[in-house]
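All remarks here apply to the structure that follows.
The values are calculated or read from the model by the stated rules, or taken from the named source; none is laboratory data. As the structure is a prediction and not an experimental result, all values here were calculated from the model. Virtual Cβ from ideal backbone geometry, glycine too; neighbours counted across all protein chains shown.
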Amino acid sequence: MELQGTSAIVTGGASGLGEATARALGARGVHVVVADLNDDEGGRVAQEIGGTYAHCDVTNSDQVIAALDAAVAHAPLWSAVNCAGIGWATRTIGKDGEYASAHDLETFRRVIEINLIGTFNVCRLAATAMSHNRPDGDGMRGAIVNTASVAAEDGQIGQVAYSSSKGGIVGLTLPLARDIAPIGVRANCILPGLIDTPIYGSGPQSDEFKARLGAGVLFPKRLGHASEFASLAVELLTNSYVNAESIRIDAGIRMQPK
């Protein structure tokens, strides 16, 4: 699938995996709409790559549509990469055996709402926008890449909400691909492992913590680079014969219970 001269939306594009992907697409001649809630960082990234920033809550359909319209205003939308999401760590039950200490239900709902429902919201609307594209030689009109996590398969203690949300993204991959195949749009999913993003902070203590994490990786024994995730995302967009796949990028790690 040709990217040059097309547009893309990257949710969570202000930092981490989303920023790296936005930069990789921008380098391929794509006009990228950086969709995020961080106006300062999102605006900076968009300016540096010659793209557009859109303040966007992925659970807000009006804001998603506005971001998609901003992309289409520059060029046909052929790519959507969902990187927006939040993490959470809480055990299902508390130590005191009280109902009040059980996992907060509203927090569980919020994680599902943002990570899973937000991802699907962008998928359904982006695919609709792509359906208006002129098809290429394969009858293709676009591609979607979603971001899950190895936690979808190796969820650790305290990750019940996060793992549920990411498992849902893996689970929707095949039926989503089947739903949008008639309009010529592909859908794939990436399950990143331990990737070095701003979530780990910076400084000597952060470096030491990341080194300990990296020691548990099969090989190479380090955290992944956001650029490595972005490289895979671009491959899944451009390789027209990859569809309905969920692919781990984790250097062989299998997460332990804790």
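Okay, here's what the table says:
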item: Residue check, Ala143 crowded, with 19+ Cβ neighbours inside 10 Å, closer than 14 Å to Ala177 by Cα and in contact (Cβ under 8 Å) with a residue 40 or more places away in the chain; result: yes
item: Per-region count, segment 194-209, residues at pLDDT below 85 and within 22 Å of the chain's Cα centre (by Cα); result: 4
item: Residue within segment 206-228 that is surrounded by fewer than 19 Cβ atoms within 10 Å (Cβ to Cβ), in contact with a strand residue (DSSP E or B) (Cβ under 8 Å, 6 or more places away or on another chain) and in a helix (DSSP H, G or I) present; result: yes
item: Hits in segment 79-117 - residues which are touching a residue at least 60 places away in the same chain (Cβ under 8 Å) and either surrounded by 16 or more Cβ atoms within 10 Å (Cβ to Cβ) or farther than 30 Å from Asp69 by Cα (or both); result: Ser79, Ala80, Val81, Asn82, Cys83, Ala84, Gly85, Trp88, Ala89, Thr90, Arg91, Thr92
item: Residue selected from segment 165-193 under the condition charged (D, E, K, R) and crowded, with 17+ Cβ neighbours inside 10 Å, by the criterion farthest from the chain's Cα centre (by Cα); result: Arg186
item: Criterion violated by Ser206 - all others in (1) among the polar types (S, T, N, Q); (2) in contact with a helix residue (DSSP H, G or I) (Cβ under 8 Å, 6 or more places away or on another chain); (3) in contact (Cβ under 8 Å) with a residue 12 or more places away in the chain satisfied; result: (3)
item: Segment 126-165: number of residues that are of a type outside the set (Val, Ile, Thr) and either within 30 Å of Ala75 (Cβ to Cβ) or touching a Cys at 6+ places or on another chain (Cβ under 6 Å) (or both); result: 19
item: Residue in segment 13-27 that is surrounded by fewer than 17 Cβ atoms within 10 Å (Cβ to Cβ) and either in a strand (DSSP E or B) or on the phi < 0 side of the Ramachandran plot (or both) present; result: yes
item: Single condition Tyr53 does not satisfy, out of (1) in a loop (DSSP other than H, G, I, E, B); (2) at pLDDT 95 or above; result: (1)
item: Long-range neighbours under 7 Å by Cβ, at least six apart or interchain, first residue free of Cβ contacts under 8 Å to residues at least 40 places away in the same chain within segment 57-76, second surrounded by 17 or more Cβ atoms within 10 Å (Cβ to Cβ) and not in a helix (DSSP H, G or I); result: Gln63/Cys56; Gln63/Asp57; Ala66/Ala54; Ala70/Val33; Ala70/Thr52; Ala70/Ala54
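Every residue, every condition in (1) more than 16 Å from the chain's Cα centre (by Cα); (2) closer than 29 Å to Gly155 by Cα, yes or no:
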| residue | (1), (2) |
| --- | --- |
| Ala24 | no, no |
| Asp36 | no, yes |
| Gly87 | no, yes |
| Thr90 | yes, yes |
| Asp96 | yes, yes |
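This table checks each residue for (1) in a helix (DSSP H, G or I); (2) farther than 29 Å from Ala20 by Cα; (3) modelled with pLDDT of 95 or more; (4) among the polar types (S, T, N, Q).
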residue	(1), (2), (3), (4)
Trp78	no, no, yes, no
Ile86	no, no, yes, no
Thr92	no, yes, yes, yes
Ile112	yes, no, yes, no
